[in-house]
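Shown next, in structure tokens, is the structure this report addresses.
The values are calculated or read from the model by the stated rules, or taken from the named source; none is laboratory data. Note that the coordinates shown come from a computational prediction; the quantities given were computed from them, not determined experimentally. Cβ sites come from the backbone with ideal geometry, for glycine too, and all protein chains shown count toward neighbours. When the accessible area is computed, the model is the full protein with side chains, heavy atoms only, and any ligands, DNA or RNA have been set aside. Shrake-Rupley method; radii C 1.70, N 1.55, O 1.52, S 1.80 Å.
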Amino acid sequence: MLMAHPAVLSNLIEQYETLRVLHAENGSPEVRQRMDDIAYTLCVSTGTRDVDTALVAARHRLPGARPEDDSVLMA
């Protein structure tokens, strides 16, 4: 599997979290589509099938992550 660059993952996480904080899922069709697109890209970039798992996996691949600590993935 190809791995996304950490800078790309960081940017995707930031965009998704910003849209979530702004409750984009309740916004215009364009804003909801942007959130869906980012979620899809996160899933593809991390090899996962849902956005929550994708966010965990993406954070796990960022510099400073503790790769030996996968306890959050087991929950």
Go through the range 18-31 and report how many residues are open to solvent by 50 Å² or more (accessible area, probe 1.4 Å) and under 13 Å from the mean Cα position of the chain (by Cα). 2
For the range 30-51, does any single residue satisfy the condition of being part of a helix (DSSP H, G or I) and in contact with a Cys (Cβ under 8 Å, 6 or more places away or on another chain)? yes
Could you list all residues from the range 32-45 that are within 19 Å of A57 (Cβ to Cβ) and open to solvent by 70 Å² or more (accessible area, probe 1.4 Å)? D36, Y40, V44
